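One structure is given here, and the rest of the page talks about it.
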Amino acid sequence: MTRRFALGIFVVCCSVQAGFDSAWRAATESELKTVIPARAPVEKERIETEFRTATGITDGKGQFVAAVLLITAGYSADGKYSHFLLTQVPLKLGSVALRPGEYALGWKRGEDALEVKIYDAQNGHQLGTVEAPRLNRIGRVESFRIFPPAQKSLIQIGRFGFAYSLG
């Protein structure tokens, strides 16, 4: 009886999570304009963003996970950060758990992967790293893209990518 109950709970939880994930979709350009700042607050600076690189997902009910390229030339962040990420829901990048908030990402290229560093945008403290291996696929190379979880829970930087999860 206990095994059946545990299995039932597992199936319900998986169904709820699948429903949660499938509600998320790619955000439209007009939706992204409401959440992506023209100047991202990173440490003590407000760094210009390149909106044409903006990417994100939404649940369609006002919750977003979105990111954009930072134009860091001339700022103290030059070479340390490359992207600004904001999340309005708990988010896990690889094994790094993030609370809703604003983050800066930077990366260093290795032989077959990127080492993506995750920082708190407010104070610049490094929160962790995630490895983004080269994606083995043929097709369009994205400068930066967050795929909806129903499609594939992946954040792509160029030819590299890493997994994420919501909630």
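Observations
- Projected-area average for the chain over all orientations - Cα convex hull basis, square nanometres: 11.3 nm²
- Of K92/K152; K33/K80; K44/K92; K61/K92; K44/K80, those spanning more than 23 Å from alpha-carbon to alpha-carbon: K33/K80; K44/K92
- Take every pair of alpha-carbon atoms less than 8 Å apart whose residues are at least six positions apart; their mean separation over the length of the chain yields a relative contact order of 19 percent.
- Globularity ratio of segment 92-167, using Cα Rg and 2.2 N^0.38 Å: 1.09
- Accessible area expressed per residue, the chain, with surrounding protein chains retained (probe 1.4 Å, Å²): 57 Å²
The values are calculated or read from the model by the stated rules, or taken from the named source; none is laboratory data. What you see is a predicted model; the values in this text were computed from it and never measured. All accessible areas refer to the heavy atoms of the entire protein, side chains included, with ligands and DNA or RNA removed. Shrake-Rupley method; radii C 1.70, N 1.55, O 1.52, S 1.80 Å.
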